[in-house]
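Below is one structure, written out as structure tokens, with a few remarks after it.
The values are calculated or read from the model by the stated rules, or taken from the named source; none is laboratory data. Quick caveat, the model's predicted, so the values are computed rather than measured. Don't worry about glycine lacking a Cβ; one is built from the backbone with ideal geometry, like all the others, and counts go over all protein chains shown.
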Amino acid sequence: MRSGTAGTGGFAPADVAIRYKRGHSGQGRPVGRCSPVAADGEGPTPARPWGAIVRVFAALSALSLAGAAALVATPASAAPPGQPTCGSTLTADTVLHSNLVCAGNGLTLAAGVSLDLGGHTLRSTAGGVGLTIVSTGTATLKHGMITGWDAGVRTLLIFDGPGNGPLLVDGVTFKRNAVGVDGVSDGFGGKNLTVTGSTFADNTFAGVTAEFTSDTFDRTAFVNNNVGYWGDTGSEATLANTRFTGNDTGAIAVEASVTLTHATFKNNRRAISSDGSVAGIVVQDSRITGSDVAIHGQGAEVRVSGTAFAKNTTAVEIGPFGARLTGNTFRKNGTTVTLLPSVSGTIIVISDNTFRRNGDGLRLENADSSISVGGNDARNNTGWGIYAPGVTDLGGNTARHNGNQPQCVGVACP
């Protein structure tokens, strides 16, 4: 049996190469609050140069080659009866009876094992990995806090076996880690996640990272992270009834797909973002307020319906993979919809939306006939009502009481 590296202190070099290969300030390097975890586990140290962070992760990961096999294969590491100790491998369902504070790695879960934190905290004073979970079998984590780690949870890959099983997380707070749940795991992907009623807060790199996984979130909050959810190559995520507040970027999709339903975004620099290529972003029945850019679609096909955009500097940026915006409300935004470079010939449909009290209602510069506009209602906007020369007019557009005349350009309005 061959096993992947658990890691004794964060990400292996392969992880660094995958996470930072794109070199974009929002999606190739950490931005904003990304910095290592303080030695006391209580929060980030002052920001360090990016090269220093890479050297820290690389140095820590070098220790993992000697430690991974022992964590899986050594019977002596099994947890003693009662409260487990730091470095233990849990081979039976376990409940913490008090807080557990570690100066090295925390605990390892064998296949099929449940850990109930019992309302207590698994805390690091020196980074490392809080909870290493064997990739095979179903694992459960619930009811408590994980804080101060380079990676709060990380998968130990077992290559010879039945494949990855799921990880079920309920009622857990991941706070002040570098990454709350690391779903990249040396570039081979982690366990598929099902997360309910949990919180990811103040994590300096990301609340959750994912690659080659299928993840589901419900009633979960992402608060004040550098990135809330980061879906990378081959991952797909469904997030329902989730809340994103005060993150530098709420959710990222890079060569991945993200579907958000009944989500609330408030005061994130970017709410949802994609660079790279071949990503998919779907937003339904959600609300996005107070962002510099609510949806940045450079690297994704974007589909948004039934969603309210309010008080954003820019609501939606459409890239070369196209978009469909249907039945949304735009109110008090600086710019509602903008076309990024290289969208010529891209299929875009903007229909049945309401534009109220924005800078312009709908203003599309350099549009062409591949863009279809119909059934939109623009009123009381400071500048244009609908300005879309060159588009295909689907009919049914209306514009009244906007600042510029004529009320509509490029489409017919009654």
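From the list 108, 132, 147, 125, which one is surrounded by fewer than 22 Cβ atoms within 10 Å (Cβ to Cβ), touching a residue at least 60 places away in the same chain (Cβ under 8 Å) and hydroxyl-bearing (Ser, Thr, Tyr)?
The match here is 125.
Looking only at the range 293-315, count every residue that is more than 18 Å from the chain's Cα centre (by Cα), assigned to a strand (DSSP E or B) and under 21 Å from residue 347 (Cβ atoms) and tell me the total. Explain how you work it out, then say what you get.
First, pick out the residues of the range 293-315 that are more than 18 Å from the chain's Cα centre (by Cα): 305-315.
Going one step further and asking which of them are assigned to a strand (DSSP E or B), we end up with 305, 308-310, 314-315.
Filter once more, so that each one left must be under 21 Å from residue 347 (Cβ atoms): 305, 315.
Number of matching residues: 2.
Considering the range 391-414 alone, what residues qualify as being in a strand (DSSP E or B) and either farther than 15 Å from residue 365 by Cα or of a type in the set (Ser, Thr, Tyr) (or both)?
Of everything in the range 391-414, those that are in a strand (DSSP E or B) and either farther than 15 Å from residue 365 by Cα or of a type in the set (Ser, Thr, Tyr) (or both) turn out to be 392, 393, 394, 395, 398, 399, 400.
Would you tally the residues in the range 167-226 being modelled with pLDDT of 95 or more, among the aromatic types (Phe, Trp, Tyr) and over 18 Å from residue 124 (Cβ atoms)?
Here the count works out to 2.
Scan the range 339-359 and give yes if some residue there is of a type outside the set (A, V, I, L, M, F, W, C), surrounded by 18 or more Cβ atoms within 10 Å (Cβ to Cβ) and under 26 Å from the mean Cα position of the chain (by Cα), otherwise no.
no
Which one is nearest to residue 190 (Cα to Cα), of the residues in the range 214-251 that are assigned to a loop (DSSP other than H, G, I, E, B) and touching a Lys or Arg at 6+ places or on another chain (Cβ under 7 Å)?
Among them, the one singled out is 226.
List pairs: first residue in the range 304-331 and in contact (Cβ under 8 Å) with a residue 24 or more places away in the chain and closer than 12 Å to residue 286 by Cα, second residue β-branched (Val, Ile, Thr) and in a loop (DSSP other than H, G, I, E, B) anywhere in the structure, Cβ distance under 8 angstrom, at least six positions apart or on different chains.
Final answer for the pair search is 328/307; 329/307.
Given the range 99-150, what strands (runs of 3 or more DSSP E) lie entirely inside it while holding 2 or more residues that are within 22 Å of residue 185 (Cβ to Cβ) and of a type in the set (A, V, I, L, M)?
By residue number, 107-109, 129-134, 139-147.
Quick one: would you say residue 153 is over 24 Å from residue 184 (Cα atoms), among the hydrophobic types (A, V, I, L, M, F, W, C) and in a strand (DSSP E or B)?
no
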